[in-house]
Amino acid sequence: MNDASRVIPAGGNPQDRHTETFSFTGRAGEYFGIWIVNILLTIVTLGIYSAWAKVRRQRYFYGNTELAGRSFDYHARGLQILIGRIVVLVALIIYAVLPYIFAYANMFVIYTVANLILPFLLLAAMPWLIKRGLRFNARVTSYRNVRLDFHGGYWGAFVAYLIGPFLATLTLGILAPLASRWMWRYTLGNVSYGGRKVACEPQLKALYSQWWMPALLVLLGVAPLTVLGLGLFGWASSGLATVNENTVTTAVFLVFLALMAIYGFAGLFYRAGVRNVAFNAAVFDGRHEFASRLGRRRYTWIAISNFLATIFSLGFARPWAAVRMARYVASATAVTVSGSLDDYLNEVEQTGPAIGAEYMDMEGFDFGL
Amino acid sequence: MGSDRPRLVISGQWHPPGSSRAEAARFTSADGVATAKGAEGGETLAEGAVSGLSVSNRVGRIPRRITFADGSVFETDDNDAIDRWLKAHRGWRVGFVHGLERFHPRLILLVAVVAVLCVGLYRYALPIAVEVAVAVTPPAAPRLMGQSALASLDQTVLAPSQLEGQRRQAITSDFRTLAELTPGGADAFDLQFRRGGVIGPNAFALPDGTIVLTDELVRLARDEDAVLGVLAHEIGHVVHKHSLRRLYRAAGITTLIMFIGGDIGSGMEEVLVQGAGLMTLSYSRDQESEADRYSVELMAKAGREPAGLARLFDVLRENYGDDDRNDFFSTHPTTPDRIEDIRRHAAEVGAR
């Protein structure tokens, strides 16, 4: 206690500050075994094992992610995840079948109303499901025997996951940094550890500095390709085309692929930049500062080469790819600690309902951070 | 049980309940009682019956957690020592799953098994599952889908038919003679006339046997055999339960990708979903040619012009040509290949 309270707050004497870097110690060969057994047992048990497979996968990745010599841990249980999945599945089936039943029962008024209202109900439920999912993930995560917790509410998720993407799409990506700001403020800024909170306030100016490059890339790449695609399409349907239909279909498909590649490339670039900005703007307990130094080109290269390796190996290079990415991302993430981290952490105690309450939780929608 | 082999000491770290405070500690166990002691002082930090401990499963080399009844936790990297101790004191084997997962030449065999299973699932299990699902689908389900689909189409695109009553009656009675020749009989089908509006000259079958024919198509066709050829084609879709099959197949593929996939990466998942979409396109093209052949055979059986369907396609091409954008990706492309196939099959059927 004394040590922690003697520490000079952030921005104080630089001699008291040092950087602890995350590291990932997993190995491709080791994860390959876990991965292939997960798939095998999932097939053999007709999908039921997939819940336990998720637990083993997460435990492997969390358990190999280290900070200051200690690793994280993942505590969800297979049965818990299985039940959550069954609940979601049943709800989706009801959602899909309900309108048909109204129509069949000749209740066409209810049918029409249901068709209009149900999509909005699902949309309204989304933030709630996302919130639950994030909280579940936080509460089953521990570091040094203390669980994380998540405090985000419904409206925060509403803004971050519905309004943000909607605005970004509506403005053709011009407001994407605003959406990213909301998203990171919600997902990272609502995390706490032992009752001590993370604050995350990425500045719009910094986000836009990461935005213009990928935006330019899209502008330069997409405009000519769209013209080319539309031209091909028009030519094919004008009756002037003398080539056979398959050739044209292939050409249009190739243009589509190229478009996807440009969007994917720009998206990776943007994602890496935004993650750096968000982490660099995140502070734990008002004194320990997060830092992220992903190289945008390096990150994009790793993601794309991973993707290609996975495709050309018919999926079997995936464990290697996943470990490679986890290693890079961890090595580019750090915490600048003020004072002694060990002394500080020795004071951290589990608070609140995080433990135990997790059993009442549902996995909800799973979004990786 | 009671006999302790060489005294087991595992070193690691100990956390008090719900605290991130860590103390270097040693874990020992004797006579069914496990103890965590301070590494330096040797003071007892936690103690409890071995049967009351909860030990986390082994996954790779990640640290093991032993939780005492009081909630305090001993953590160690020494997985092998923990496994030896579990075996000696609780008669447990090393986890079966971890045994499989270990990096070992045996994994090559597992890879082969997974590859065979994946191909087998897609090639054989999926079609079989689709057949089983079609077989066990209660008749109420297609009726449900058909009625609600027609209801929503009526509210959105379709309008009541403006065809003369006489013409409608003539087509209906010819349609019934055709339908009479199917295994289900005429009552398994229901011909509905509608004005197509935006969908123009068109005909489609719903899974419950309802077949919708638009006024535009009837007006476009020069003779009755062309219209009947189209109706026979739609009857073929119903008899072969094509829409139900497509639905189940799409659901099956999505389930496969979601559950088997697990960790394949979001990019790869996207590729699989898109790929499955492309496969569905070729699947529905196969269904179209199956219905084409059915039309030819049914028309021949009814003593009508077997290539009636081709005649309608000719008219469609003349009137709309290649400049009809809807034709490009539509499910009823009036390609020369298709017309040729119909004519060839009609000649074969006629020669028999």
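Judged by the ratio a/c of the largest to the smallest principal axis of the C-alpha gyration tensor, chain B counts as prolate, that ratio being 1.5 or greater while a/b is larger than b/c. Just B:PRO306, B:PRO207, B:PRO17 to compare: in a GNM of chain B, with alpha carbon springs under 10 Å, which one fluctuates most? Answer for the Gaussian network model of chain B: B:PRO17.
Give me the angle, in degrees from 0 to 90, between the Cα long axis of helix B:224-239 and the longest principal axis of the Cα atoms of chain B, rounded to the nearest 10. Tilt relative to chain B: about 20 degrees. Suppose we flag GluC sites (Glu not before Pro) only when DSSP calls them loop and at most 16 other Cβ atoms lie within 10 Å. Which is the longest uninterrupted stretch of chain B? Looking at chain B, B:165-352 is the longest stretch - no exposed GluC sites (Glu not before Pro) with at most 16 other Cβ atoms within 10 Å.
What does the charge dipole of region B:137-351 about its Cα centre add up to, to the nearest 20 debye, if the Cβ of each Lys and Arg holds +1 and the Cβ of each Asp and Glu holds -1? Don't skip to the end; give the middle numbers.
Working: 22 positive and 32 negative charges, 88 e Å.
So the dipole magnitude of region B:137-351 works out to roughly 420 debye.
Determine the shielding of peptide A:34-46 by partner chains: average, over its residues, the number of Cβ atoms on other chains within 10 angstrom of each Cβ.
That works out to 6 on average.
Computed from phi, the 3J(HN,Hα) profile of region A:315-327 under the Karplus parametrisation 6.51, -1.76, 1.60 (θ = phi - 60°) reads x, 6, 8, 4, x, 4, 5, 5, 5, 4, 5, 4, 5 Hz, with x in place of Gly and Pro. Relative to the Cα centre, the charge distribution of chain A, modelled as +1 at Lys and Arg Cβ and -1 at Asp and Glu Cβ, gives a dipole magnitude of about 340 debye.
Across the options A:ALA125, B:PRO138, A:LEU308, the greatest Cα extent toward the positive end of the charge dipole of the protein assembly as shown (unit charges at beta carbon of Lys, Arg, Asp, Glu) belongs to A:LEU308. Charges were assigned to the Cβ only: +1 to each Lys and Arg, -1 to each Asp and Glu. The resulting dipole of the protein assembly as shown about its Cα centre is roughly 1780 debye. Entry note, chain A: relative contact order of 27 percent, from Cα contacts under 8 Å with a spacing of 6+ residues.
Farthest toward the positive end of the dipole of chain B, out of B:ILE66, B:ALA276, B:ALA300, is the Cα of B:ILE66, where the dipole comes from beta carbon charges about the Cα centre.
For n ≥ 4 DSSP H runs only, could you compute -39500 (n - 2.57) per run for chain B, divide by its residues and tell me the 222 nm figure to the nearest 500?
Values: 13 runs with 189 residues, N = 352.
Here the helix-only value at 222 nm equals -17500 deg cm²/dmol.
Which Cα, out of A:PHE136, B:GLY18, A:VAL113, lies furthest along the positive dipole direction of the protein assembly as shown (beta carbon charges, K/R +1, D/E -1)? It is B:GLY18, whose Cα lies furthest towards the positive end.
The convex hull drawn around the Cα atoms of the protein assembly as shown, when projected onto a plane and averaged over every direction, covers 38.4 nm².
Of all the options B:ALA188, B:ALA291, B:ALA69, the one that moves most in a Gaussian network model of chain B with Cα springs shorter than 10 angstrom is B:ALA69. Springs between Cα atoms under 10 Å define the GNM used for chain B, and in it the highest mean-square fluctuation of B:ARG304, B:ARG293, B:ARG84 occurs at B:ARG84.
Taken together, the values in this text are just the output of simple stated rules run on the coordinates, not laboratory data. The structure presented is a predicted model; accordingly, all values stated were derived computationally and were not measured. Backbone-built Cβ (ideal geometry, glycine too); neighbour counts: all protein chains shown.
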